[in-house]
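Heads up: the structure comes next, in structure tokens.
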Amino acid sequence: MNTKIHNLSLEGVTGIIFGILSLFFIYFINDILNQYLSASKGVSLLPISFFQLLLIAICFFFMLFSYILIVFMNKKRKKSNSKKWELNAKQIRRIYLIHLFFGGIILYYIMVIGVLKLIIPASLILYGIATFLANKFTRGSTKILGILFIFNGILALIFSCYSFILWGVAFGIYHICYGIIYYNSI
């Protein structure tokens, strides 16, 4: 058994649930944006600054709920002694928190300068880089996941009209597949 397993894993049921949650979140954000742009729904009555704050709040609650879900699911795994609870988790959390902090600054800057079509590609590329860097503290398969996220980010740059689909494939489908592939290894 490979001992490079951490306590915030998206393997198994956790990855599947996170992927499904991500698909719902991305659909919800896409729907809200379409309502705002259609100017026929209640959301379209909000001033742009309030709408941006609404999107930021929704994203914050999604990230908070996702983190709580991942920690809760993995604590259950720890209690059942099905995986080792390692010190590598500190390194992985540090990598993701640094990328979340700097990624938040970059995404906020993108929003301020008004190039909103770069938000999804930038988020995919940043998450891909973080996943790629975390590879040496995990089973080694997260490198592939990171490369796929970076690839989707590049595709979202080139084909911006499909960016929500690529975002959904990356955060939803890739995590569901990752959870299913490593379901039996937990």
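Pairs meeting the criteria (first residue in the range 160-172 and under 15 Å from TYR127 (Cα atoms), second residue small (Gly, Ala, Ser) and modelled with pLDDT under 90, beta carbons under 6 Å, at least 6 apart or on different chains) are PHE171/SER22; GLY172/GLY19; GLY172/SER22.
Go over the candidates TYR162, TYR108 one by one and state the one that is at pLDDT below 85, of a type in the set (Phe, Trp, Tyr) and surrounded by fewer than 17 Cβ atoms within 10 Å (Cβ to Cβ). Walk me through it before giving the result.
Values: TYR162 fails: at pLDDT below 85.
TYR108 is the lone residue from the list that is at pLDDT below 85, of a type in the set (Phe, Trp, Tyr) and surrounded by fewer than 17 Cβ atoms within 10 Å (Cβ to Cβ).
Checked against the criterion of being farther than 30 Å from SER49 by Cα, in contact with a helix residue (DSSP H, G or I) (Cβ under 6 Å, 6 or more places away or on another chain) and among the aromatic types (Phe, Trp, Tyr), the candidates PHE149, PHE132 yield just one match: PHE132.
Of the residues making up the range 152-186, those that are farther than 22 Å from ASN34 by Cα and in contact with a Lys or Arg (Cβ under 9 Å, 6 or more places away or on another chain) are TYR182, SER185, ILE186.
PHE137 meets the conditions (1) touching a residue at least 40 places away in the same chain (Cβ under 8 Å); (2) closer than 21 Å to CYS59 by Cβ in every case but one. The failed one is (2). Check whether at least one residue in the range 60-69 is touching a residue at least 24 places away in the same chain (Cβ under 8 Å), closer than 19 Å to THR142 by Cα, assigned to a helix (DSSP H, G or I) and within 14 Å of the chain's Cα centre (by Cα), and report yes or no. Among the residues of the range 60-69, at least one is touching a residue at least 24 places away in the same chain (Cβ under 8 Å), closer than 19 Å to THR142 by Cα, assigned to a helix (DSSP H, G or I) and within 14 Å of the chain's Cα centre (by Cα), which makes the answer yes.
If you check LEU148 against the conditions, is it farther than 22 Å from LEU21 by Cα, touching a residue at least 12 places away in the same chain (Cβ under 8 Å) and not basic (Lys, Arg)? Break it down into steps so the answer makes sense when it comes.
On the way: farther than 22 Å from LEU21 by Cα: no; touching a residue at least 12 places away in the same chain (Cβ under 8 Å): yes; not basic (Lys, Arg): yes.
It is false that LEU148 is farther than 22 Å from LEU21 by Cα, touching a residue at least 12 places away in the same chain (Cβ under 8 Å) and not basic (Lys, Arg).
Taken over the range 86-100, the criterion of being over 15 Å from PHE132 (Cβ atoms), at pLDDT below 80 and of a type in the set (A, V, I, L, M, F, W, C) is satisfied by LEU87, ALA89.
The values are calculated or read from the model by the stated rules, or taken from the named source; none is laboratory data. Please read all numbers here as calculations on a predicted model, not as lab measurements. Here the Cβ is made from the backbone with ideal geometry for all residues, glycine too, and neighbour counts use every protein chain on show.
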